[in-house]
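What follows is a set of notes on a single structure, which appears directly below.
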Amino acid sequence: MSIQEQYITNDTSIPKLPFTELLFVEDQLQTVLQKSDGLIRETCISLLESGGKRIRPLLTLYSGMCFAPLNPLMIQAAVASELIHMASLIHDDVIDESATRRGKPTIVSQYGNHAAILTGDYLFAEAFNILSKQQLLASMTYLVDAIQAMCHGEVHQSDDQFSNSVDTHSYFSRIANKTGILLAACCQSGAILAGAAPEELTLMREYGLNLGYAYQITDDILDINGDEESLGKPVGSDLANGNITLPMLYLLDKPIYGGWFREIMRTRNITHQGALSIKAALISTGCIEEAYLTATQCINNAKASLDRIPSSQYKTTLLNMADSILHRKA
């Protein structure tokens, strides 16, 4: 099955449209990853075959095509964005000691930490090799900022584990770093390669950032009440690792439940029964619905930022992508 057919028939997390432009990205990813040697080549091919939504390349290409026809530089920037995303996922799996992703064994579970870290580093290097050789300096600036932000996000998340001092401001700062800024960078990267004006670049950044907020909030929700088979990974990892997510923040504000939940987090030891009780509380108090409404507002903000972008089929696709975030199952 081709990548185009996969998007049309299988993946419900993005619009069912024929993203034929992704074929160029997929071909380039194959070329880049197959030129590696030995164990790195083996791990890279394993990663590529595990699939993925290719949201970041899509954002890069379609953000650019809102302003100009597709050009080779947009494709190269899209490939670099996906390599960076792949690298970050591998490093995340090392940090989280994740056994599965997308329903398949992670590189760290198959080959160990050493191979996983080297593979992630190799992918980062290949991304910057593309950006530097193609002289995509504007795109590189956005993507470097995003990588720095992701590192800060991981550090802050680690610092805040089992913390009762996390608030919504620090939460949104963290998910901007972990998810939103890279999506914003992809949108800006494509747009600047199409000659978008500074004010248009700002609007595209707002679209990507809010898309990232909504994506991470829905991820938080799925980690509580998602289906493991659809997700391709275990649910409940945020709670087990003490990562305070938006539904949990809303639970902390609930009378009675807030004190109870704070005490559980203070012990830094969540039993299986405790996790079930917390999940039940999150559902019964409406905290999950509250988080979903917040994600919906973020999507509305993302779509509103495109109001002043010229109408086109590509803008329509970006609007549809935003709506699809709220209905994703994986």
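In degrees between 0 and 90, to the nearest 10, how far off the longest principal axis of the chain does helix 137-159 point, with axes built from Cα atoms?
The angle comes out at about 10 degrees.
Rg (Å, one decimal) plus Dmax (Å, integer) for the alpha carbons of region 17-118?
14.6, 44
Counting each DSSP H run of 4 or more residues in the chain as -39500 (n - 2.57), what helix-only mean residue ellipticity at 222 nm follows after dividing by all residues, to the nearest 500 deg cm²/dmol?
Taken over the chain, the calculation gives -23000 deg cm²/dmol.
So what's the angle, to the nearest 10 degrees on a 0 to 90 scale, between helix 181-193 and the longest Cα principal axis of the chain?
Once rounded, the angle reads 20 degrees.
List the extent of the Cα atoms of region 195-330 along each of their three principal axes, largest first, rounded to whole Å.
Principal-axis extents of the Cα atoms in region 195-330, largest first: 54, 32, 23 Å.
Can you match volume of the Cα convex hull per residue in Å³ to one of these, (i) 165; (ii) 124; (iii) 140, based on a calculation from the structure here?
It is the one labelled (ii).
Mind pulling the angle between the C-alpha long axis of helix 272-284 and the longest principal axis of the chain? Nearest 10 degrees, somewhere in 0 to 90.
With rounding to tens, the tilt is 80 degrees.
Based on other C-beta atoms within 10 Å, arrange Thr294, Thr218, Thr202, Thr20 from fewest to most.
Least to most surrounded, the residues fall as Thr20, Thr202, Thr294, Thr218.
Which of Tyr215, Tyr122 comes first, and how do the rest follow, when ranked by fewest Cβ neighbours within 10 Å?
The most exposed by this proxy come first: Tyr122, Tyr215.
Taking springs between alpha-carbon atoms closer than 10 angstrom, which of Arg101, Arg56, Arg268 fluctuates most in the Gaussian network model of the chain?
For the chain, modelled as a Gaussian network with Cα springs under 10 Å, the answer is Arg268.
Please compare each pair in Lys53/Lys178; Lys133/Lys315; Lys53/Lys279; Lys53/Lys133; Lys133/Lys178; Lys53/Lys104 to a cut-off of 21 Å on the Cα-Cα distance and tell me which ones are over it.
Among Lys53/Lys178; Lys133/Lys315; Lys53/Lys279; Lys53/Lys133; Lys133/Lys178; Lys53/Lys104, the Cα-Cα distance tops 21 Å for Lys133/Lys315; Lys53/Lys279; Lys53/Lys133; Lys133/Lys178.
With just the Cα atoms of region 48-88, tell me how far they stretch along each of the three principal axes, in Å, largest first.
Projected onto its principal axes, the Cα set of region 48-88 covers 32, 16, 15 Å.
Contour minus end-to-end for Ala240 and Asp323, with contour as 0.36 nm per residue of separation and end-to-end as the Cα-Cα distance?
Length difference between fully extended and current span is 26.9 nm.
Roughly how many Å is it from the Cα centre of region 247-285 to that of region 85-125, as a whole number?
31
In which sequence would Leu39, Leu73 go, from the one with the fewest C-beta neighbours within 10 Å to the one with the most?
Ranked by crowding around the Cβ, least crowded first: Leu39, Leu73.
Volume per residue, Å³, of the convex hull around the alpha-carbon atoms of region 82-179?
Hull volume over Cα atoms, normalised by residue count, gives 105 Å³.
Run the dipole for region 85-134 about the Cα centre, Lys and Arg Cβ at +1, Asp and Glu Cβ at -1, nothing else charged, and hand back the magnitude in debye, nearest 20.
So the dipole magnitude of region 85-134 works out to roughly 220 debye.
Read-outs throughout are calculated quantities, based only on the coordinates presented, and are distinct from any laboratory measurement. Given the structure is predicted, the values throughout are model-derived calculations rather than measurements. Virtual Cβ from ideal backbone geometry, glycine too; neighbours counted across all protein chains shown.
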